[in-house]
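Notes follow the structure.
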Amino acid sequence: MNPQLFSRIGQSRTVLTRDHALIAPDGHVVTALPNWDSASGVVLISPAIGARLAQTLVSLEPSLETTTFQPSEGIEACFYVLEGELEVGKEALSHGSYLFLPAGERLELQVKTSSRLVLFEKRYTPNANTQSPELFIGHAENIEGKPFMGDPDAVLQVLLPETPDFDMAVNVFSYQPGATLPFVETHIMEHGLLMLDGEGIYRLNESWYPVAAGDCIWMAPYCPQWFAATGKVPSRYIYYKDVNRDAMEAL
Ligand code: UGY
Ligand code: MN
């Protein structure tokens, strides 16, 4: 069935449950984003569904003026450039670049061409033994991929510094066709995920979902999860994870 007809007759792959969500692109509704001047986007994940993160697709149009992004009070942010050209001070950002903005800071960007970002936000959890993390800019191409639990066909890139200052991680996971997560993970960490390339099957709790590039997934803490890459090309996803804080700390 053609995808437009599928939507028009009231069908969607989108699913929302207590401990996971699959948000398919056919249901996206674009809104203004109040913490950006002149950006629009789609808030894919937010506390409104029981999550402790927000995950947003941000669209920016080129402008001679500076674009400002000021997260809400106490909120830290990390975005990854899906497409477009931007500048932050002297740093040029393009497909695969990413930026971590500590809580309490505001960002000035020059938008050179129409750009799309995936943005992850969480409330920063201070810790008596650590410093506040600092603004960080990187490019995925410069991050070495490591075989996940020894499997060279499932390669993990950890984008942010792995120091205890950071209480969020953003990683890119690449799978060759047929590769899988090695077991069904069940963990305290929460995930927000965006499929970047390819397709596969995501197991979330007791359900198995076909997924493809453009799909977003929310996994609450302890949601059992597993992935198998299907199709003929490699699959890749970017995901958020809360890290480095004691189980009782965020209460
Ligand atoms: O980092 C992770 O927990 C990762 N292995 N989870 C996932 O890909 N669903
Ligand atoms: Mn996981």
Does A154 fit the bill of being within 15 Å of ligand 2 (Cβ to nearest atom), over 22 Å from L93 (Cβ atoms) and buried (at least 17 other Cβ atoms within 10 Å of the Cβ)? yes
Residue check, G74 away from ligand 1 (no atom under 16 Å from the Cβ) and touching a residue at least 12 places away in the same chain (Cβ under 8 Å): yes
What pairs can you find where one residue is in region 8-37 and touching a residue at least 40 places away in the same chain (Cβ under 8 Å), the other is basic (K, R) and surrounded by 15 or more Cβ atoms within 10 Å (Cβ to Cβ), and their Cβ atoms are less than 7 Å apart, with a gap of 6+ or different chains? L22/R13; A24/R13
Restricting attention to region 151-161, does a residue exist that is more than 10 Å from ligand 1 (Cβ to nearest atom), assigned to a strand (DSSP E or B) and acidic (D, E)? yes
All positions within region 166-189 that are buried (at least 16 other Cβ atoms within 10 Å of the Cβ) and over 19 Å from the mean Cα position of the chain (by Cα): P177, A179, T180
In region 206-244, which residue that is within 13 Å of ligand 2 (Cβ to nearest atom) and not in a strand (DSSP E or B) is surrounded by the most Cβ atoms within 10 Å (Cβ to Cβ)? C223
Return only the number of the condition from (1) within 11 Å of ligand 1 (Cβ to nearest atom); (2) assigned to a strand (DSSP E or B) that F183 does not satisfy. (2)
Scan region 114-142 residue by residue and report those that are touching a Ser or Thr at 6+ places or on another chain (Cβ under 9 Å) and hydrophobic (A, V, I, L, M, F, W, C). L117, V118, L119, F120, I137, A140
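Bear in mind that the values in this text are calculations on the coordinates, not laboratory data. Predicted, not measured: the structure shown is a model, and the values here were computed from it. Cβ sites come from the backbone with ideal geometry, for glycine too, and all protein chains shown count toward neighbours.
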